[in-house]
1. Being at pLDDT below 55 and farther than 28 Å from residue 9 by Cβ narrows it down to one of 67, 104, 73, so name that one.
2. Which of the numbered conditions does residue 39 fail, given that it passes all the others? Conditions: (1) surrounded by 18 or more Cβ atoms within 10 Å (Cβ to Cβ); (2) at pLDDT below 95.
3. Take the residues of region 11-28 that are closer than 22 Å to residue 90 by Cβ and of a type in the set (Gly, Ala, Ser): which is surrounded by the fewest Cβ atoms within 10 Å (Cβ to Cβ)?
Amino acid sequence: MYITFDQYRELGGTLDQPKFVRREFEARKEIDLHTFDRLINIDPVPEELKMCALELIERGYLGALDGNDIQSGGASKASVTYKDNEGKADETIRRCLSGLRVNGIPVFCMGGV
């Protein structure tokens, strides 16, 4: 787990615990995918990693919990439109974790290290 529910709430997270559990799992798996599992079992969890998970969870970059990502909809005068989030998770992960090193090796390394 990259961020606990208590840490999430302390940082301003708005989801209730059951929804958080689902989102945290998705965020963790997305981070693991983009970092080739380099951060699994990292202890202590770096602040950058906690904040990355928080951003992925709060910004909804992992899709709708019900599986139905609404593109647009309306209710009387109110209208809701969700931007296309394709690529936003990758961008957030790279931005938040750039410069992070594990055992002196950058999480995102280019070329042969």
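The values are calculated or read from the model by the stated rules, or taken from the named source; none is laboratory data. These figures come from a predicted structure and were not determined experimentally. FYI the Cβ positions are ideal-geometry reconstructions off the backbone, even for glycines, and counts take in every protein chain you see.
1. 73
2. For residue 39, the exception is condition (2).
3. 13
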